[in-house]
């Protein structure tokens, strides 16, 4: 999965995936001391992206967290160095012997975009099956909360679920949808190692995953320990 | 701050702020059963953005969290409806009477981008002063961890700090840099209300803020309660 070669980077003025929109607006505020309105004409560039779901999957048969591991180009790009091919070309290179694919590997919660008109919980259920291989009943999916991802640029909503699964619900390998180019490894982390895992800075991971583990230990683990 | 009017949205093919890059690469993986290499040529659109800092500011004189409140155009755009001015124009409108600015208001941790070559802690210190009005000594800034913001598109690194402040360190109003167009309100939330506040889904907030509060209660609050 992390065997990445032949890396080039080009400008991309007409991306299908990243479409900036410019919002023009007036923002007024009342000054604290004076009572005059202070109008300010502003612009802000943003982009519309799909809302998403993220799911903390906990296998209670064996007390392990189920995470997904994948190569993320954006993180690889962020952690490597671009070099120009030549002065006349827009094409830049990344030396994949100096910057191995391993630096772009992340560990994340099972997650996906809300691109269908089914319930958000049905989408979460589908991602748990596709990515992790568990057929989780909707009753085992607990909606925890929602928050905004990327307040600066996208502003999209992420709904966070907790899914309790058992070994009996494991019906496949997971791994994502190969036809969509997904290459995902399913990773199991024992509950005792969970906190250390998400606080390990050498591991690329989104902050939502750290929140999920703190939430689990604050709200769930004591219930399992007692039972 | 939330008095937003005259909102239009235009396409933006040449944003100064959102510059997509297209990464071309080969990704190989070993099939589990077969031993053949399976090479896959891929592209991914991403954008380079600055790394950032986020700071949970806790005022121990009065046991309050210090948050920042601001209007976020990306969230406003996400939660409102665009209507075409006419069929020949690219300009779209948002009806600010139907979608008041209030829907784009967020509560966040004090935060900023790493755009100077000083230490990351110095940048965090500067943001606490600019946004919240506290002159916090570097010794009171505790680096907690790092994580990736936006694994799909940006991959940038955010460093999370905890800043313990007192009323004596309050040297200004905060509010951000007016010359840079920042309009920020400083909000105080009593520690007893913190968890309810960040789990309130009617409040727009990033997940990093929820993590910060969970981290505080797991690691810090007991120390203060005892003292």
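One line per residue, one yes/no per condition, for (1) surrounded by fewer than 18 Cβ atoms within 10 Å (Cβ to Cβ); (2) part of a loop (DSSP other than H, G, I, E, B); (3) in contact (Cβ under 8 Å) with a residue 60 or more places away in the chain:
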| residue | (1), (2), (3) |
| --- | --- |
| A:98 | yes, yes, no |
| A:102 | yes, no, yes |
| A:118 | yes, yes, no |
| A:124 | no, no, yes |
| A:139 | yes, no, no |
| A:179 | yes, no, no |
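Which numbered condition trips up residue B:196, out of (1) at pLDDT 95 or above; (2) in contact with a helix residue (DSSP H, G or I) (Cβ under 7 Å, 6 or more places away or on another chain)? The single condition residue B:196 does not satisfy is (2). Taking segment B:126-137 as the search range and keeping residues that are in a loop (DSSP other than H, G, I, E, B) and in contact with a strand residue (DSSP E or B) (Cβ under 6 Å, 6 or more places away or on another chain), which one is surrounded by the fewest Cβ atoms within 10 Å (Cβ to Cβ)? If we take residues in segment B:126-137 being in a loop (DSSP other than H, G, I, E, B) and in contact with a strand residue (DSSP E or B) (Cβ under 6 Å, 6 or more places away or on another chain), then B:133 is surrounded by the fewest Cβ atoms within 10 Å (Cβ to Cβ). For segment A:144-171, how many residues meet the condition of being within 14 Å of chain B (Cβ to nearest Cβ), in contact with a helix residue (DSSP H, G or I) (Cβ under 7 Å, 6 or more places away or on another chain), surrounded by fewer than 24 Cβ atoms within 10 Å (Cβ to Cβ) and more than 30 Å from residue B:19 (Cα to Cα)? Total satisfying the criteria: 2.
Sub-8 Å Cβ pairs linking a first residue in segment B:2-15 that is more than 7 Å from chain A (Cβ to nearest Cβ) and in contact (Cβ under 8 Å) with a residue 40 or more places away in the chain to a second residue that is assigned to a strand (DSSP E or B) and surrounded by 13 or more Cβ atoms within 10 Å (Cβ to Cβ), at least 6 apart or interchain, are B:2/B:71; B:2/B:105, ordered by first then second residue.
Under the condition of being modelled with pLDDT under 75 and assigned to a strand (DSSP E or B), which residue from segment B:18-39 is nearest to the other protein chains (Cβ to nearest Cβ)? Can you show your working first?
Step one: list which residues in segment B:18-39 are modelled with pLDDT under 75, which gives B:29-39.
Narrowing the set further to residues that are assigned to a strand (DSSP E or B) leaves B:29-30, B:37-39.
Working: B:29: 5, B:30: 8, B:37: 8, B:38: 9, B:39: 9 Å.
Per the stated criteria, the residue is B:29.
Consider residue A:173 carefully, then state whether it is in contact (Cβ under 8 Å) with a residue 12 or more places away in the chain, over 24 Å from residue B:153 (Cβ atoms) and in a loop (DSSP other than H, G, I, E, B). Criteria met by residue A:173. Each residue in segment B:172-190 was checked for being more than 13 Å from every other protein chain (Cβ to nearest Cβ), under 17 Å from the mean Cα position of the chain (by Cα) and modelled with pLDDT of 95 or more, and 1 of them qualify.
The values are calculated or read from the model by the stated rules, or taken from the named source; none is laboratory data. The structure displayed is predicted, hence computed values, not measured ones. Neighbour counts are summed over all protein chains in view; Cβ atoms, including those assigned to glycine, are modelled from backbone coordinates with ideal geometry.
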